[in-house]
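So the structure is just underneath, and the comments pick up after that.
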Amino acid sequence: MRKSILSICFVLLLTAAPAAVAAADEAPAWLHQAAAIKVPTYDKEVPAVVLRNEQAVTVSEEGRVNYVTTYAVRILTRDGRAYAEAVEVYLTKAGKIREMTAWLIRPNGFVKKYDKNETVDRISEPNDIYDEYRVKIIDASDDADVGVVFGYTAASEERPLFNQDVWRFQGRLPTLQSRYSLTLPSGWRASSMTFNHEKVEPTISGSTYAWELLNLPPIKPEVSSPKLSNLAPRIAVNYARGDTGAGATAKTFEDWRQVSRWASDLHDPQAVPDESVTAKARELTVSSKTDLDRIRAIAHFVQRLQYISIDIGIGKGNGYRPHAAAQVLAKAYGDCKDKANLMRSMLRAINITAYPIVIYSGDPTYVREEWASPSQFNHCIIGIKVGDEIQAATVIVHPVLGRLLIFDATDEHTTVGDLPDEEQGSFALIVAGDSGSLVRMPTMPPESSQLERQAEVELSPLGAITAKLKEQSTGQTAVSQRRAFRGLSSSGYKQMLEAWVTRGATSALISRIEPVDNSVEGHFGLDVDFSAAQYGQLMQNRLLVFNPAIVSRREALFLTEAKREHPIVLDSHTFTEVVRVKLPAGFEVDEMPDAVKLDTPFGSYKTSYEVKNGQLVFTRALTQRATTIPAAQYQAIRSFFERIRAAEQAPVVLARK
Amino acid sequence: MTKTLSILILYLSLLCAATLKPSPVLAGSDWKPIDPADLALKTPKVEKDTDAEALFWEVRVEDEVEGGSPRTVFRHYVRIKIFTERGRETQSKIDIPFLDNWSIQDIAARTIKPDGTILEIKKEDILERTIVKEGRTKIKAKSFAMPGVEPGALIEYRWKEVRRDRFANYIRLHFQRDVPVQVVKYSLKPYSAAGFDFGMRAMTFQAQPSPFVKEKDGSYSTTMTNVPAFREEPRMPPEDSVRPWMLVYYSEDRKLTPDKFWKEFGKENFERYKSRTKVSDEVKQAAATAIGDATTPEQKIERLFEFCRSKIKNTNDDALGLTSEDRAKLKENKTPADTLKRGMGTGTDIDMLFAALVTAAGFDARVANLSDRSDTFFEKSFPDDYFIQSYDIAVRVGDEWRFYDPASTYVPFGMLRWQEESQEALVSDPKEAIWVKTPLSAPDKSKYKRVAKLRLSEDGTLEGDVKIEYYGHLAVERKEWDDDDSPTQREDTLKEIVKERLSTAELTDIRVENVTDPVKPFTYVYHIRVPGYAQRTGKRLFLQPAFFQRGSGPLFATSSRHHAVYFNYPWSEEDEVTIDLPAGFSLDSAESPAGFSSAPISEYKPTAAVTKDGRTLIYKRTFYFGGGGNILFPVGAYNQLKAYFDQLHTQDNHTITLKQAAVAAAP
């Protein structure tokens, strides 16, 4: 609710902006040159094309870095007007934007200039209370139309923590010229790595390095596509003094061990338990009999602390340093590293060793092994040293640290022994001084994220049904159920279930809802009883037709586009259902759908129908494996899900005896 | 200060009043004593199963003058009991937004844990953030997180908010929060001084708080107890017609009865709009030309109406594509002649020109004020013009007043925006208060007209051509939605609408027609292919002939309801679907779905038949709802209404069976 208030404030303020009246402004020569570039013909859905996207970075001996951004975009459709916008992010305490100017050139040559009077300066994330990130925005979308060229330059400065940088050559828009240049003090050297593209070699002129790509095609958004960060080309750059390999005031890293050492220095002092932390840890585990019980008890407590994002003192490294465990315990809130650190501290208080693990949440393919840099991470979880008696899919074996149970103390719905989908399979850094290293996080097998449903149904001669559903889910499937159960009010939860049931059985009346959340062991159970008056359709008082797949599987992938450009990313889960329908007296099965059996490398699906003792038993089972399927196999995967959809709509026909 | 900024301030006032609700004067670190019973409370008192409940919520509103400038001081104080983790999640982050000329002072907040431990928020944990800054204008917020919140805890916070340069005039104070409240108390202390002839007044809506009591400090307080949380529901009346709230405003104590007030207001309006509707020679000439050979009053008015819509560009219309720069250059039209000469004007200019043209044609035309029923339901027993800020042009034809709004580009002649239909309108008049209820358009005025010519394949694929026309209010909504979109966006909107029902549908040859045409129906034309539309078993195909309803869920899914059900306007549907059946298949069962009626409110008539050769299925369906002006249904009627729409959904899902056989049978 409060987020929406702030969002409204933005909208209102932007609405309140006085209309700028421009008269015969001048645009710089570079923008006129960009505007003169002949643009290739794109698909009609491409809203704009970036003519020039350039960042010139100059590093001083003292470690100050100046950035000059030069950007030009041509608007191709009315949807594209939104791209006539300049956005620059900065940190209030560690950097500033010295200058930001934009211009808009209409097809008739008229130029409008935008400067600080039209610049909006706002917080980056309205919902975060403690956040130093801000953005400056020049929004010319109201003035833009098809054919205009919008461009801007921005000059900013910053004292970065690391002598490292990242340049993304494009977003989703096609980009004709994208260039990153780095000017270093005399005697310094730079090196780079290229991701999502063949190696981009820099041109070197004196102490200036420049990386450039031309004519990049648009990146179309598609359902279940890899993230943009895994599609758009980017480079990672390291720079340092040539003689010592060191930075001025900022850090440089040669390998992951160095990153681990640096991060350990930030984390370790904060994890020392004081009396309050020790007392709380003992209180929570007093009745625990095993290490697993102790870990679960502390995990359960930490997960339930309020999550508050705290981005303060980022420029001083606070983005990587947790608050002291005792402080977080006292306030009962914190961000991901605070929670991981508190859990680590509490475990230490009861003689269990744990290590912070930094990871990128949101795209398991984002972190690249070849670039040792803390800036690849945005999240912090924990690895707990465990003995052989603890067996779980989230245990990894580290060559030096031994068996580690991986756990996310921030995700309040994912229990010990499981890991959020978006973290599975990702590279992550175990922060353990010299012993730390980059390791791949475990990927859960399909059977660890499972939904099992049993349905007992009685069908009347007129088509009415009474049904009792019994569901048991585990892993990430249980997480999504738990999230709904805990995230909605009781009436909201009931409404959600009503919407789900009535989507399959119109006018269904739910008589019982009984959720059972076992958040310690990670199970979620749900019983739902309902009745629906006209579920089956009686035809000419002779045939009774009904669909035994009464309610949906809860999740479905709709691949409806005829063509595909990017791979298809699937997560892993399984679903099984057994529906027992007691048939009405005086009817017999006239026709049943054929059983379906699909088996592919990415998943399998089967249905069966059987009539026995006046009962129809319908089963369906889907197993989907976490995988990324090349676009070339799109038709196969589309057909797989199409056949599932068709199978689940197939009716059973009963006829009067 | 710009008008927009004033509106912004008003909005922020309302937002803050609505969300960060108010309290009494407390000096220094004084907190109200904690009742151990509240700390021990295990279950909510007002509503069961709630996640958190406010034990009290107090707001003191005081108008004063400081340094010669007016200001309003709000003192807010709220205490909330947390029952669940969800309650902790939703209640423990606090944002207090404010503008440049406001200030937030004296914030104090604390958590009382279930064991009685008190955690006070520290000054350094309260952050002032500039949410957004543009030029000299800023919106800031004081933000903080409550420490140590857990189920069973009490949280409480208070602050002082000073809004400069205005009094609490026409502000809405709500009694409901996002959680239930045991006691809500508002204390109002009006400004008074010698020579200040305005008194603060309060009018409550959907609420019966206690009578105002004069307190020792000169303020007046009112309380309301056991107020449930506010919940939004689909198809509910406008929020402020169901939520309890209070309008606070200043007015002179003219001791006017509502009748007298409206009479005077109508009279003032009549005088106010005289110059704006002035008939000049140019206007007379334009009226005569536009009327041409029309003879009847209706024809004449319609031609003048169409003249205003087609010849005068509405500069408020976003589809005109004016940039902010273009708008800034526009000159103000002071008279109808100016609007005529420039060929463009604001919505007001166009309405005033229409009034002048109609007057020039010999009719009695007046400006009529009325309320907007998307905001709240109007009660004329409240003698104040606050709620009747919308206006149309009333034209006397014979013995009746008819209402027109040519400034609403897409509203058909003879209709008003739905927000202004079925509303009491005050026709300006030099002598009397003339109240006339604007008509509510009948269901047939707002219609979906859908035609599909399709072919079914043996494998269940359905393919063919579709045309959908939208009329009346339905067309207005579609046109408003699409008119500033690109052709691609319009196609995408259509694809989304169709794929929401038919996930496998493939649409080609899409045409979106008459999007900005004020008269013609908004129209979609497209070719569609839906693999797996009909379900195939060994020897049968199951076909749902209600093609336009296939895949839609029931209108009402939930079994319980808090608010009345409200449809914005009556509407109707007229479908014709022809499906060529696959060779080798004949009808096994072709019973028509059953029609039903609840006339005059609604009627559903479906029919299914086959051509003589048995090769083509013809399905027709008509439906209307809201007949007789029935668009508002009390909560008590919910089950009946739900059952009616469930029945509609069931019949729309009616399936026809085709069997692999040689002979076709007529139903």
Taking the alpha-carbon distance from B:LYS431 and a cut-off under 29 Å, which lysines remain once sequence neighbours fewer than 8 residues away in the same chain are dropped? B:LYS255, B:LYS260, B:LYS263, B:LYS267, B:LYS274, B:LYS278, B:LYS284, B:LYS300, B:LYS334, B:LYS380
Label-point separation in nm, A:ALA279 to B:PHE382, each point 7 Å along Cα→Cβ: 5.5
What angle do you read, to the nearest 10 degrees and between 0 and 90, between the alpha-carbon axis of helix A:256-267 and the longest principal axis of chain A? 90
Average beta carbon contacts from partner chains per residue of B:553-561, 10 Å cutoff: 6
Relative to the longest principal axis of chain B, what angle (0 to 90°, nearest 10) does the C-alpha long axis of helix B:297-311 take? 70
Which angle between 0 and 90 degrees, to the nearest 10, do you get for helix A:490-504 versus the longest principal axis of chain A when only C-alpha atoms count? 70
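Over region A:526-637, calculate the relative contact order: mean separation of alpha carbon pairs under 8 Å at least 6 apart, over the residue count, as a percent.
On the way: 153 pairs, mean separation 32.8, N = 112.
Once normalised by length, the contact order is 29 percent.
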If the reach is capped at under 19 angstrom between alpha carbons, list the lysines near B:LYS329, excluding any in the same chain fewer than eight residues apart. A:LYS112, A:LYS113, B:LYS3, B:LYS313, B:LYS341
For region B:444-660, what mean projected area does the convex hull of the alpha carbons give, in nm²? 13.0
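By the gyration tensor of its Cα atoms, with a ≥ b ≥ c the square roots of the eigenvalues, what is the shape of region A:408-473: rounded for a/c under 1.5, prolate for a/b over b/c, or oblate? Before the final figure, lay out the partial values.
On the way: a/c = 5.78, a/b = 4.19, b/c = 1.38.
Verdict is prolate for region A:408-473.
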Scan region A:524-610 for trypsin sites (Lys or Arg not before Pro) in coil per DSSP, keeping those whose Cβ has at most 16 other Cβ atoms within 10 Å, and list them by number. A:ARG542, A:ARG553, A:ARG554, A:LYS563
Assuming a ≥ b ≥ c are the square roots of the Cα gyration tensor eigenvalues, decide whether chain A counts as rounded (a/c under 1.5), prolate (otherwise, with a/b larger than b/c) or oblate. oblate
Tell me which lysines have Cα within less than 28 Å of A:LYS227's Cα, excluding those fewer than 8 residues away on the same chain? A:LYS3, A:LYS44, A:LYS136, A:LYS199, A:LYS337, A:LYS339, A:LYS563, B:LYS495, B:LYS499
Quick check: Cα centre of region B:300-358 to Cα centre of region B:588-641, how many Å? 43
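Given R₀ = 41 Å, FRET efficiency for A:SER435-A:SER60 by Cβ-Cβ distance, to 0.05? Before the final figure, lay out the partial values.
Details: r = 36 Å, r/R0 = 0.88.
Efficiency, from the Cβ-Cβ distance: 0.70.
Explain nothing, just the number: relative contact order of chain A, from Cα pairs under 8 Å at least 6 residues apart, as a whole percent.
9
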Counting Lys and Arg as +1 and Asp and Glu as -1 over every other residue whose Cβ sits under 15 Å from the Cβ of B:PRO634, the net charge comes to +2
Given points 7 Å out from each Cα along the Cα-Cβ axis, report the B:LEU320 to A:GLU555 separation in nanometres with one decimal. 5.0
Estimated [θ] at 222 nm from DSSP helical runs (n ≥ 4, -39500 (n - 2.57)) normalised by residues in chain B, nearest 500: -6500 deg cm²/dmol
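Using a 10 angstrom Cβ neighbour count of at most 15 plus a DSSP loop assignment to flag exposed GluC sites (Glu not before Pro), which longest range of chain A is free of such sites? Kindly include the intermediate steps, with their values, before the conclusion.
Working: sites that count: A:GLU26, A:GLU61, A:GLU62, A:GLU198, A:GLU254, A:GLU369, A:GLU370, A:GLU389, A:GLU521, A:GLU555, A:GLU561, A:GLU565.
Result, exposed sites excluded: A:63-197.
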Would you mind calculating the relative contact order of region A:2-241 from Cα pairs under 8 angstrom and at least 6 residues apart, reporting the percent as a whole number? 22
Cα gyration tensor, region B:484-529 - rounded (a/c under 1.5), prolate or oblate: prolate
Between region A:582-657 and region B:213-285, how many Å separate their Cα centres? 61
Please report the spacing between the Cα centers of region A:405-484 and region A:531-563 in Å, no decimals. 27
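Quick note: the coordinates plus some simple rules give every number you see, no bench work behind them. All of these numbers come straight from a predicted model, not from anything done at the bench. Methodologically, a virtual Cβ is constructed for each residue, glycine included, from the backbone with ideal geometry; neighbour enumeration extends over all protein chains shown.
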